[in-house]
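Below is one structure; the comments refer to it alone.
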Amino acid sequence: MNMQFDVEFLLGHMNYWLFVVLMMTGLYIVVARGNLLKKIVGLNIFQAAVFMLYISMGKISGGTAPIATGNPDEIYSNPLPHVLILTAIVVGIATTSLGLALIVRINESYGTIEEDEILELDRIKSDEEIEKLKTEASNSK
């Protein structure tokens, strides 16, 4: 392989490289961060990467809009991925808004949006409830 082919290959598939970088960045943010708001942002980055992949697959070089022109040799781009992405964008916005609403409610209940602190508060609360039940059981005997 010569160097020209490698550079041409890399530049010709730039949208796929960007897809991989965005997807891995979004996945890392979701997995590595404990802040619930950052997890929502990571999911949105991941989602944008998937949108970019589907749109890239739907485009054909030299393809035109799928409008019947009477020319049987015309090459058309597939419109289905673009239509599916429009639906996915609407679903993504609804999912993001629901996630943000849940984060607001969690913040009102716990006073934090850090995952570790929420789990610790839940553990403390469950320990207190167990002790309360034990006390009630011993008092009733």
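Computed values, structure above
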| read-out | value |
| --- | --- |
| For the chain, built as a Gaussian network whose Cα springs stay under 10 Å, the top-fluctuating residue of Thr64, Thr87, Thr96 | Thr64 |
| Gain upon complete extension [Ile130, Leu18; 0.36 nm per residue less C-alpha separation] | 35.2 nm |
| Modelled FRET efficiency - R0 41 Å, Glu74 with Asp122, Cβ distances, 0.05 increments | 0.10 |
| Under 12 Å from the Leu37 label point (7 Å along Cα→beta-carbon), backbone N, the range 101-120 | 103-104, 107, 112-114 |
| Charge dipole (the chain, unit charges on Cβ, about Cα centre) - positive-most of His82, Val104, Thr69 | Thr69 |
| Charge dipole (debye, nearest 20) of the chain; +1 at Cβ of Lys and Arg, -1 at Cβ of Asp and Glu | 200 |
| For the range 87-141 and the range 1-67, distance of Cα centres in Å | 34 |
| Highest-MSF residue in the chain out of Ile130, Ile106, Ile60 [GNM, Cα springs under 10 Å] | Ile130 |
| Residue among Lys59, Lys38, Lys125 with the largest mean-square fluctuation in a Gaussian network model of the chain, springs linking Cα atoms under 10 Å | Lys125 |
| Relative exposure of Leu86, Leu43, judged by other C-beta atoms within 10 Å (fewest first) | Leu86, Leu43 |
| Additional length obtainable on full extension of the chain from Val83 to Ala65, 0.36 nm per residue less Cα span | 5.2 nm |
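Readers should treat all values here as calculations from the given coordinates under stated rules, not as data from a laboratory. Note that the coordinates shown come from a computational prediction; the quantities given were computed from them, not determined experimentally. Please note: Cβ atoms are built from the backbone with ideal geometry, for glycine as well, and neighbour counts cover all protein chains shown.
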